[in-house]
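Chemist: Okay, handing you the structure first.
The values are calculated or read from the model by the stated rules, or taken from the named source; none is laboratory data. Here the structure is a predicted model, which is why all the values come from computation and not from measurement. Backbone-built Cβ (ideal geometry, glycine too); neighbour counts: all protein chains shown. Calculation scope for accessible area: heavy atoms of the full protein, side chains included, ligands and nucleic acids excluded. Shrake-Rupley method; radii C 1.70, N 1.55, O 1.52, S 1.80 Å.
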Amino acid sequence: MIKRTLASTAAAAALAVAGFATSAQADVDFSGKTIEWVIPFSETGGSAKWANFFAPLLSEQLPGNPTVVVKFMPGAGSTKGANWFQEQKHEDGTLLFGTSGSTQFPYLLGDPRVRYEYNDWIPVMASGTGGVAYLNAEDGAKFDGSANMLKDTDFIYGSQGATRLDLVPLLAWEMLGMNVEPVFGIKGRGDGRLMFERGEANIDYQTSSGYLGGSAPLVKAGTAVPMMTWGALDEDGNIVRDPTFPEIPSFKEVCEATEGCETSGETWDAWKAFFVAGFPVQKIAFLPAGTPDDVVEAYTKAFDEVRKADGFAERAANEVGKYPVFVGEGAARATVAGTTVSDEAKTFVQTWLMDAYGVSLK
């Protein structure tokens, strides 16, 4: 089922990208229509900034130049919106849905609240991102490239939930020996940043787009100090510095510099597995089940034109970061990569969630 669905989607998309669009695609026309791009988070986070960045560019490339409106459906760390999208069927091609790692992780972990199936959806675009963890000014003054002088500090962190993308920073901070108490229940990472700004939290992390748009000004103002990024993958699968933030050390570097933190073994392997599932392919745009090939091709070709447009790379670097954008076969493969982890990593994280936060997913 997985292979058949993704393969058929990729094949249709590849034809469009190659310029061999079917005659049916030529009849796709969104003139006078409004595309609703639903994001299952609040309007303050990285997913909102990602969709708002792409929306006007997509409008320019879709047949008929429809208006693309981003709408928000926060709740349950994105599960509410994803469960809703699962029930939607193709009508006229005007519904698009965007997911994030916080949508992927509950799916990967077998969260009982999940009622959605990624293999039913049709990916038309996927993109990677990164993440930056930062401290308030007082604690940031203690950071020397390691967490050695931060282990006696009690940190408060605004979190969407332990089974969401936040498990990547929460596990990383635990590996560093830091005492970070999450306050669960926020509806988007932007809400976590607002907690930080109000002094209700003294540590935070944002995905790259959220950091560039909302947290970098705090750093410039001297009220926040970057600690580390989660890094990026090189061609050999090694974690290296994030190309969007080359001046900030990766978690791997900070771990290597911190007493008691190991970059090998079961814990590291589990952290890396979920980092790979959650960041190199984090944000994906989907059409609902039943969307015909001509509409899939229209969206695929439009996103391909967006990524190839003059000036796109420079603008994207400033607003969402320097990360690849996948369409067609690439988007289908990226979706598989973002929704797959090993049984060993899954079991480790399920056990850790129970031990650390009393969250049972078995």
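Chemist: Treating the Cα atoms of region 93-143 as identical point scatterers in vacuum, please give the log10 of the normalised Debye intensity I(q)/I(0) at q = 0.14, 0.21 Å⁻¹, two decimals.
Modeler: Log-scaled intensity ratios, in q order: -0.59, -0.88.
Chemist: Straight distance only, please: which lysines reach the Cα of residue 187 with their own Cα at less than 29 Å, same-chain residues fewer than 8 apart left out?
Modeler: Partners found: 49, 71, 80, 89, 151, 220, 252, 272, 283, 322, 346, 362.
Chemist: Another question, if that's okay. Once phi is turned into θ = phi - 60°, what whole-Hz ³J(HN,Hα) does the Karplus curve with 6.51, -1.76 and 1.60 give for every residue of region 66-81, x standing for Gly and Pro?
Modeler: Karplus values, whole Hz, x for Gly and Pro: x, 6, 10, 10, 8, 10, 10, 9, x, x, 6, x, 4, 5, 4, x.
Chemist: What list of ³J(HN,Hα) values in whole Hz, one per residue of region 44-57 in order, does the Karplus curve 6.51 cos²θ - 1.76 cosθ + 1.60 (θ = phi - 60°) give from phi, with Gly and Pro shown as x?
Modeler: 9, x, x, 5, 5, 5, 4, 5, 5, 5, 7, 4, x, 5
Chemist: What accessible area per residue comes out for the chain, rounded to a whole number of Å², with a 1.4 Å probe?
Modeler: 40
Chemist: Right, here's the next one. Roughly what % antiparallel, to the nearest 5, for the DSSP beta bridges in the chain?
Modeler: 55
Chemist: Do any GluC sites (Glu not before Pro) in region 234-303 lie in a loop, going by DSSP, with at most 15 other beta-carbon atoms within 10 Å of their beta carbon, and if so which?
Modeler: The qualifying sites are 235, 247, 259, 262.
Chemist: Can you pull the percent of Cα pairs in the chain with separation above 27 Å?
Modeler: Counting every Cα pair in the chain, those more than 27 Å apart make up 44 percent.
Chemist: In percent, what relative contact order does region 82-217 have, based on Cα pairs under 8 Å that are 6 or more apart in sequence?
Modeler: Taking the mean separation of contacting Cα pairs over the length of region 82-217, I get 26 percent.
Chemist: Okay, next question. If you take the Cα Rg of region 257-299 and divide it by 2.2 N^0.38 Å, with N the number of residues, what do you get?
Modeler: Taking N as the residue count of region 257-299, the ratio is 2.05.
Chemist: What is the chain's relative contact order, in percent, from Cα pairs under 8 angstrom and six or more apart in sequence?
Modeler: 28
Chemist: Let me ask something else. Taking R0 as 30 Å, what's the FRET efficiency between residue 71 and residue 247 from their Cβ-Cβ distance, rounded to 0.05?
Modeler: Calculated value: 0.25.
Chemist: Tally Lys and Arg at +1 and Asp and Glu at -1 over the other residues with C-beta under 15 Å from the C-beta of residue 27: what net charge comes out?
Modeler: Spelling it out: positives minus negatives among the neighbours equals -3.
Chemist: Report, in degrees rounded to the nearest 10, the 0 to 90 angle that the Cα long axis of helix 2-17 makes with the longest principal axis of the chain.
Modeler: So the inclination is approximately 60 degrees.
Chemist: Okay, next question. When the accessible area of region 111-230 is computed with all protein chains present and a 1.4 Å probe, what percentage of it is carbon and sulfur?
Modeler: 50
Chemist: While we're here: With θ taken as phi - 60° and the coefficients 6.51, -1.76 and 1.60, list the Karplus ³J(HN,Hα) couplings across region 202-215 in order, rounded to whole Hz; mark glycine and proline as x.
Modeler: 3J(HN,Hα) across region 202-215, in whole Hz: 10, 8, 7, 9, 9, 5, 4, 5, x, 5, 4, x, x, 9.
Chemist: Would you pull out the residues with amide H under 5 Å of residue 204's amide H, same chain only if 5 or more places away, H placed 1.01 Å from N?
Modeler: Answer set, sorted by chain and number: 134.
Chemist: Here is a further query. Can you show me the helix-derived [θ] at 222 nm for the chain, built from DSSP H runs with n ≥ 4 at -39,500 (n - 2.57) apiece and divided by the number of residues, rounded to the nearest 500.
Modeler: -12000 deg cm²/dmol
Chemist: I've got another one for you. For the chain, take the longest principal axis of its alpha carbons; what is the angle in degrees between that and the long axis of helix 343-357, to the nearest 10 within 0 to 90?
Modeler: Computed tilt is about 50 degrees.
Chemist: Report, to the nearest 10°, how far helix 266-278 tilts away from the longest principal axis of the Cα atoms in the chain, using its own Cα long axis and a range of 0 to 90°.
Modeler: Here the helix axis deviates by roughly 30 degrees.
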